[in-house]
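The values are calculated or read from the model by the stated rules, or taken from the named source; none is laboratory data. Predicted model only: the values in this text are computed from it and were never measured. Here the Cβ positions follow ideal geometry from the backbone for every residue, glycine too, while neighbour counts run over all protein chains shown.
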Number of protein chains: 2
Amino acid sequence: MIDLDAVLQGNRLAFSRMLTQIENDTEEGEQALIELYPHTGKAILIGVTGAPGTGKSSLVNQIAFHYRNPEDGSTPKTVGIIAVDPSSPFSGGAILGDRIRMKSLSGDPGVYIRSMASRGSLGGLANMTIGMVHAFDAAGFDVILVETVGAGQAEVDIARLAHTTLVVEAPGLGDDIQAIKAGIMEIADILVVNKADRPGAEHTERALKNMLQLAHPQLRRKFINNHNDNLENNSDEINLWETPVMKTVATTGEGLPELMHQLRKHRDYLNESGELRYKLRNQISFELKHKLKNEMLNRFNKKIDGQFYKEIFDQVLSRKLSPQKAVKVFLEKEGGE
Amino acid sequence: MIDLDAVLQGNRLAFSRMLTQIENDTEEGEQALIELYPHTGKAILIGVTGAPGTGKSSLVNQIAFHYRNPEDGSTPKTVGIIAVDPSSPFSGGAILGDRIRMKSLSGDPGVYIRSMASRGSLGGLANMTIGMVHAFDAAGFDVILVETVGAGQAEVDIARLAHTTLVVEAPGLGDDIQAIKAGIMEIADILVVNKADRPGAEHTERALKNMLQLAHPQLRRKFINNHNDNLENNSDEINLWETPVMKTVATTGEGLPELMHQLRKHRDYLNESGELRYKLRNQISFELKHKLKNEMLNRFNKKIDGQFYKEIFDQVLSRKLSPQKAVKVFLEKEGGE
């Protein structure tokens, strides 16, 4: 049994047990998420994505450290870190790698780090991450950092859930990586060139700025359109966010105060422009759609006659029936019962 | 209107028009796929995945060239290439990059190359790729090469659709890329170290072989289990595939004859072991599940009262109702009508 009162009161052992239930997608985990839901919606949600080798784990550690030790004299914030690691689609086990977390964070009860395995199922990763985020949120963490390996569709979906998305690059990772950058860059609210003490940092910075100039007009129009559709108070003067390119050296902490300043600035922008509200609506829409599909498939699986399913399946396998027609046959059968 | 007879007779203009309809997910494209389905199931489907910078586009070109000009004196095969490019989740437009295709392929009517944009929707990429593969298959291409940028969940899903999956690596792409490799490696039927004339090729080859040794026992057990569940003729003697590590230089063609030999060998293994049949069942299962979910969501959207949806949505937004409960409320309402 998960002790939800203990979770809400900050008991880390109860919290850890609950996360395991959620990750394993058990009934208990699901039930906990339902009961905790009224306690969610308070945390600041930051996504950090980037290719392997960009040093994004170190950067996440530094950001956590700076939230714990704010330079501007504000109250320290508690920080949850969800690290989504690439894993085997077959064994289901995560290869967590040697994640060396900073000494300065270890033993700090205001920081909690959880490495998560991605599962093989399509869409499972984004959905499980939503569950994890709700859990950290309900448990009272002020800031939640979600760290993902960039480039894939699942990562883009996860980035969409965040209020602020950081895309981390590093000099010298190869120039033909640009095609991939261009895709992931459009989800960036803040671009970070980490390892900025290495040769080629200026080149990377310039390349990113050039790409931003190309991408921006399109993005701008897009957001204005969304704005008009979704916000009640629709003024002509729309507050726009210009994605900054920041330089950091996560191993030494260089550039971190400036990055923290941009994080606060983006938070203010989200609140003032109404974009935060827009993002929250999008996230809930995504979650509802996903859960609806899965629940409908569950109910279908319970209702459908196994022998009948097998017969139709074999007709598709032998190319006598198209998958589209098979779906119609299934749903007519189900509807008729 | 799509002229399906022309498509089946090899008319490339009609084929190209149809692909556009499928990519844009139009009614016409969907209808074409339904009608073409009985003509599918004949092509050899090869997935080629790898990070940017591994030279996998050049490798795909070389493989196509060798299928067109077989060394073993067999009949040349027609080749379709589907290149899945990373794209913006917002604009929907693909950044196709400067894909320099070999001179030796251009003008050859037996090769058809299509670059595909990934769309923003979750699971959309894998589904659209299935549609494209069916189209190439029905149009009579003997071999279909699906090229994806490795590492993400969507790429893993696409790799699963292929009969044979090649994972391409290159020397000197950074050692901390290993975590990601470990995940993607388990989907590899053949590992290729491309750019094998560069320094560090032996090191990369050794690292891959070491990883394979670690991963193999697990994979082996897994496949034996699947085998027992899925095949009718269940003999004790199970034919196992040992993933080879091949070295190539795609720009010069070095190592290509050996790679083609492994491709043929894997095809024989798939047929003899019964794994091909197992893979086809899996793919159809995946496709049916995906299409069922989407069709159920479509029907839900048509049936549900907009005002009612909005009321429930707002309760979720204000955290009064959990998404799980909202889904139950929606489905009860729908079921009661």
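Laid out as a table, the results:
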{"read-out": "Selected residue [touching a Phe, Trp or Tyr at 6+ places or on another chain (Cβ under 7 Å), facing another protein chain (nearest Cβ under 7 Å) and not charged (D, E, K, R)] from B:Leu297, B:Leu292", "value": "B:Leu292"}
{"read-out": "Selection within segment A:134-165 - at pLDDT 80 or above, in contact with a strand residue (DSSP E or B) (Cβ under 6 Å, 6 or more places away or on another chain) and either in a helix (DSSP H, G or I) or hydroxyl-bearing (Ser, Thr, Tyr) (or both)", "value": "A:Phe136, A:Thr148, A:Thr164, A:Thr165"}
{"read-out": "Long-range neighbours under 8 Å by Cβ, at least six apart or interchain, first residue in the same structural domain as A:His163 (by TED's automatic domain parsing) within segment A:264-280, second hydroxyl-bearing (Ser, Thr, Tyr)", "value": "A:His266/A:Thr164; A:Arg267/A:Thr164; A:Leu270/A:Thr164; A:Glu275/A:Tyr269"}
{"read-out": "Residue check for A:Tyr309: within 14 Å of chain B (Cβ to nearest Cβ) and farther than 30 Å from B:Arg281 by Cα", "value": "no"}
{"read-out": "Matching residues in segment A:247-273 - criterion: being out of contact with any helix residue (DSSP H, G or I) (no Cβ under 7 Å at 6 or more places or on another chain) and part of a loop (DSSP other than H, G, I, E, B)", "value": "A:Thr252, A:Gly255"}
{"read-out": "Qualifying positions in segment A:253-262 - in contact (Cβ under 8 Å) with a residue 40 or more places away in the chain and farther than 11 Å from A:Pro70 by Cβ", "value": "A:Gly253, A:Glu254, A:Gly255, A:Leu256, A:Leu259, A:Gln262"}
{"read-out": "Test result for A:Lys320, over 30 Å from A:Ile63 (Cβ atoms) and either assigned to a helix (DSSP H, G or I) or facing another protein chain (nearest Cβ under 9 Å) (or both)", "value": "yes"}
{"read-out": "Residue identified as among the hydroxyl-bearing types (Ser, Thr, Tyr), within 18 Å of the chain's Cα centre (by Cα) and at pLDDT 85 or above among B:Thr40, B:Thr26, B:Thr78", "value": "B:Thr40"}
{"read-out": "Any hit, segment B:228-240, residues being among the hydroxyl-bearing types (Ser, Thr, Tyr), modelled with pLDDT of 85 or more and assigned by TED's automatic domain parsing to the domain that holds B:Asp142", "value": "no"}
{"read-out": "Selected residue (only one of A:Gly55, A:Gly73, A:Gly80 is over 27 Å from A:Arg277 (Cβ atoms), among the small types (Gly, Ala, Ser) and away from chain B (no Cβ under 14 Å))", "value": "A:Gly73"}
{"read-out": "Filter result for B:Lys181 (in a helix (DSSP H, G or I), under 25 Å from B:Ser58 (Cβ atoms) and at pLDDT below 80)", "value": "yes"}
{"read-out": "Residues that are of a type in the set (A, V, I, L, M) and loosely packed, with under 15 Cβ neighbours inside 10 Å, drawn from segment B:239-269", "value": "B:Leu240"}
{"read-out": "Whichever residue in segment B:166-178 is more than 13 Å from the chain's Cα centre (by Cα) and modelled with pLDDT of 85 or more and, among such residues, is farthest from B:Gly200 (Cα to Cα)", "value": "B:Val168"}
{"read-out": "Residue ID - surrounded by the fewest Cβ atoms within 10 Å (Cβ to Cβ), chosen from residues in segment B:323-337 that are more than 7 Å from chain A (Cβ to nearest Cβ) and assigned to a helix (DSSP H, G or I)", "value": "B:Gly336"}
{"read-out": "Per-region count, segment B:17-56, residues free of Cβ contacts under 8 Å to residues at least 40 places away in the same chain and within 30 Å of B:Val168 (Cα to Cα)", "value": "2"}
{"read-out": "Where B:Glu272 falls short, out of the listed (1) at pLDDT below 95; (2) surrounded by 14 or more Cβ atoms within 10 Å (Cβ to Cβ); (3) not basic (Lys, Arg)", "value": "(2)"}
